[in-house]
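Just below is one structure, and these are the notes that go with it.
The values are calculated or read from the model by the stated rules, or taken from the named source; none is laboratory data. In this text, all values refer to a predicted model and were calculated from it rather than measured experimentally. FYI the Cβ positions are ideal-geometry reconstructions off the backbone, even for glycines, and counts take in every protein chain you see. SASA here: full protein model, heavy atoms, side chains in, ligands and nucleic acids out. Shrake-Rupley method; radii C 1.70, N 1.55, O 1.52, S 1.80 Å.
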Amino acid sequence: MSHRTIAIIGGGIGGIAAGITLLRAGFAVKVFERASQLREVGSGVSLWPNGTGILEELGVLPSILSQGQLGTHFLLRSDSGALLMNIKTAEADTPTVCVHRADLLRALADAFPQEHVCLGHDLAGAQVIGKKVHLQFSNQNSFVCDGVVGADGIYSRVRNMLVSAEHPSYRGYAVFRGLVDLHPSIPAGHNGESWGSGQRFGFLAIGKNKVCWYATANTSDPQHLADQGKELLQNIFSSWHRPIPEMVAATDPSTILVNSACDVRPFRSGVGPVTLLGDAAHALTPNLGKGAGMALEDAFVLAKCLGSRNTVAEGFRLYESLRFPHTRSAVLRSRWLGQVGQWEGRIAVSVRNAITRLLPAQLFECHSTVTERTAALTGGLLLNADLGV
């Protein structure tokens, strides 16, 4: 199938990873990115073994390890600092790593030939004609391909143009993100999240002596909270345990990012030679820390499926059937965890914390091997396919 041409719309983490896997599987690939350069907006990202196992397959894990920080424990605490759960994150055969999103994208981009990337291409129109997809860009360029993969994020144009209009659903809280120097009280490899009443605060050490932090607050009007910025965060978290107040105080207010916590119902099936990947297919609320890892999973499974079928449409449908149970479960689990974490009121918070303290941390730990995870991702059907990924 090396004569088949696949267009990927979106040059983020998922799009570039898909480009790598499909190119290695023998397809002709073009990645179209609307921006004038490949870039990631945000701060840190956690890569659990599901993600680092795939990065190892792609040959970019050493670069990520040199840029980021290994994670060995994830500590869940109350706002006073009382330990609720200690989740070990160093038990699998590939590590948990936290890294800046820009460093992750850069490592992937370095592994993908730049002649396959078309920058400054903003998708303006798309149409399936027969077995081909015709793409039109706002710069007047056009492209005809055998299949298109929408990797263009939560507000995906590919999804809205070629699959079905699906609007993100707001889940009732705002998410703040910032970047500061590593606080000396944070042990190496220890990340964590603390739960209060309608608010949470978490942090990830991402290497280069930096920590990215995130905070949540219940609100019906996220923009109103965004306008208050750092002052609001200092008021909310001033009495929380160390080093939370210190991290907020050390953050440059102009660098604080604010987003609404949203998710998108996972799509079940594309149409003809069209499919979706990453947030375009299954945007999660940011509670599991698996968004980037799931996009890497998508890229891996997509290449396996396309290489095992005679037509692009057949490969896309197999990919979607394998991914849907995983993505639906992740979206629902992340939504539920966010709801529980955002509970308000003394009684509700006390009950939540007590139950969390009783739960075994092993429920949330990963002990599986790369082979076992690959079998789960591909339904055990494609492990012996020699696709170069």
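A few notes on this one:
- For the stretch 284-331, carbon and sulfur atoms together expose 50% of the accessible surface, with a 1.4 angstrom probe and every protein chain in place.
- Available extension along the chain between residue 160 and residue 363 is 69.4 nm, counting 0.36 nm per residue and deducting the alpha carbon span.
- If you take the Cα centroid of the stretch 56-134 and the Cα centroid of the stretch 2-41, the two points sit 15 Å apart.
- Evaluated at q = 0.13, 0.15, 0.17 Å⁻¹, a Debye calculation over the C-alpha positions of the stretch 251-389 (equal weights, vacuum) places log10 I(q)/I(0) at -0.71, -0.87, -1.01.
- Packing around the peptides 11-18, 122-129, 197-204, taken as the average count of other Cβ atoms within 10 Å per residue, puts them in this order, highest first: 11-18, 197-204, 122-129.
- Take the Cα of residue 91, step 7 Å toward its Cβ, do the same at residue 271, and the gap between the two points is 4.6 nm.
- Within a straight-line Cα-Cα reach of under 19 Å, residue 88 can be paired with the following lysines, leaving aside sequence neighbours fewer than 8 residues apart in one chain: 290.
- Backbone HN-Hα couplings from phi across the stretch 340-355 [Karplus 6.51/-1.76/1.60, Hz, Gly and Pro as x]: 5, x, 9, 3, 10, x, 4, 5, 4, 5, 5, 5, 4, 5, 5, 5
- Added length on full extension, which subtracts the Cα-Cα distance from 0.36 nm per residue, residue 115 to residue 139: 6.8 nm
- Mean accessible surface per residue for the chain, computed with a 1.4 Å probe while every protein chain stays in place, in Å²: 42
- q = 0.10, 0.11 Å⁻¹: log10 I(q)/I(0) that the Debye formula gives for the chain, counting C-alpha atoms only: -0.64, -0.78
- Per-residue packing, averaged as other Cβ atoms within 10 Å, sorts the ranges 210-217, 245-252 into the order 210-217, 245-252, beginning with the highest.
- Per-residue extension of 0.36 nm, minus the Cα-Cα distance of residue 375 and residue 185, leaves a gain of 64.4 nm for this segment.
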